[in-house]
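Reviewing the structure listed below.
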């Protein structure tokens, strides 16, 4: 189901996304004042959000990338690319563009907890609780949305649309 902008309607414009990122950055700076944070970016969708958030957060910081995927829809989760930085005793933030079912995020959170960080929190631009299969909640939420399919700003439809500056939803 490849979707192009012409088949969708604007949902969140670039300016509103920037404002949400700025608000999240302010919250993180206040909570971690004087501390170094490590951003963990799950590939591929979170790259745009992570980069923008890092530029807004004025704290000492590092970033690392992880690629976690479901082997099959609703099936086992596996790590394709694990983090390479030592997070033991560090303040870690998992940066997600959207939380949907929560399955891969729950798996990733458990995996990172096993590395004994000083703290581990979740930042998400969009939260879609109506689709949640596991009880996982973000510590920092840009916007809670209803159950709709969104594309843009890292989110895709069969790899199409990740580069859109705005976020779109399907036409009804």
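The values are calculated or read from the model by the stated rules, or taken from the named source; none is laboratory data. All of these numbers come straight from a predicted model, not from anything done at the bench. With ideal geometry, Cβ positions are generated from the backbone for all residues, glycine too; neighbour counts draw on all protein chains shown.
With the condition kept exactly as written, say whether any residue in the range 40-49 is more than 21 Å from residue 168 (Cβ to Cβ) and at pLDDT below 95.
Checked the range 40-49: at least one residue is more than 21 Å from residue 168 (Cβ to Cβ) and at pLDDT below 95.
Which one of these is outside any helix (DSSP H, G or I) and at pLDDT 95 or above: 29, 33? Give the steps one after another, and end with the answer.
Working: 29 fails: outside any helix (DSSP H, G or I).
Checking each option against the conditions leaves just 33.
For the range 111-123, does any single residue satisfy the condition of being surrounded by 18 or more Cβ atoms within 10 Å (Cβ to Cβ) and under 24 Å from residue 11 (Cα atoms)?
Taking every residue of the range 111-123 in turn, at least one turns out to be surrounded by 18 or more Cβ atoms within 10 Å (Cβ to Cβ) and under 24 Å from residue 11 (Cα atoms).
Examine the range 143-150 for a residue that is at pLDDT 95 or above, touching a helix residue (DSSP H, G or I) at 6+ places or on another chain (Cβ under 8 Å) and either part of a strand (DSSP E or B) or at positive phi (or both), and state whether such a residue exists.
Checked against the condition, which is being at pLDDT 95 or above, touching a helix residue (DSSP H, G or I) at 6+ places or on another chain (Cβ under 8 Å) and either part of a strand (DSSP E or B) or at positive phi (or both), the range 143-150 yields at least one hit.
Quick check on my filter: what residues within the range 50-73 are surrounded by 14 or more Cβ atoms within 10 Å (Cβ to Cβ), more than 22 Å from residue 156 (Cα to Cα) and either out of contact with any strand residue (DSSP E or B) (no Cβ under 8 Å at 6 or more places or on another chain) or at pLDDT below 95 (or both)?
56
Could you list, ordered by first residue, the pairs with Cβ atoms under 6 Å in which the first is in the range 78-89 and without any contact (Cβ under 8 Å) to a residue 12 or more places away in the chain and the second is surrounded by fewer than 14 Cβ atoms within 10 Å (Cβ to Cβ), at least 6 apart or interchain?
These pairs meet every condition: 78/71.
Regarding residue 93, is this residue at pLDDT 90 or above and in contact with a strand residue (DSSP E or B) (Cβ under 7 Å, 6 or more places away or on another chain)?
Numbers: at pLDDT 90 or above: yes; in contact with a strand residue (DSSP E or B) (Cβ under 7 Å, 6 or more places away or on another chain): yes.
Taking the combined requirement at face value, the residue satisfies it.
Can we say residue 6 is free of Cβ contacts under 8 Å to residues at least 12 places away in the same chain, in a helix (DSSP H, G or I) and closer than 17 Å to residue 141 by Cβ? Show your work before the answer.
Values: free of Cβ contacts under 8 Å to residues at least 12 places away in the same chain: yes; in a helix (DSSP H, G or I): yes; closer than 17 Å to residue 141 by Cβ: no.
Taking the combined requirement at face value, the residue does not satisfy it.
Does the range 28-36 include one or more residues that are in contact with a strand residue (DSSP E or B) (Cβ under 9 Å, 6 or more places away or on another chain), within 23 Å of residue 164 (Cβ to Cβ) and surrounded by 17 or more Cβ atoms within 10 Å (Cβ to Cβ)?
Looking only at the range 28-36, we keep the residues that are in contact with a strand residue (DSSP E or B) (Cβ under 9 Å, 6 or more places away or on another chain), and these are 28, 31-32, 35-36.
Remaining after also requiring within 23 Å of residue 164 (Cβ to Cβ): none.
For the range 28-36, residues in contact with a strand residue (DSSP E or B) (Cβ under 9 Å, 6 or more places away or on another chain), within 23 Å of residue 164 (Cβ to Cβ) and surrounded by 17 or more Cβ atoms within 10 Å (Cβ to Cβ): absent.
Quick check on this structure: which one of 14, 36 is under 23 Å from residue 159 (Cβ atoms) and either in contact (Cβ under 8 Å) with a residue 40 or more places away in the chain or under 13 Å from the mean Cα position of the chain (by Cα) (or both)? Lay out the reasoning, then the answer.
Values: 36 fails: under 23 Å from residue 159 (Cβ atoms).
Only one candidate qualifies: 14.
I need a count of the residues in the range 74-90 that are assigned to a loop (DSSP other than H, G, I, E, B) and either at pLDDT 90 or above or closer than 17 Å to residue 117 by Cβ (or both). Break it down into steps so the answer makes sense when it comes.
Restricting attention to the range 74-90, the residues satisfying the condition of being assigned to a loop (DSSP other than H, G, I, E, B) are 74-76, 82-90.
Right, trim to either at pLDDT 90 or above or closer than 17 Å to residue 117 by Cβ (or both) and you get 82-90.
So the count comes out to 9.
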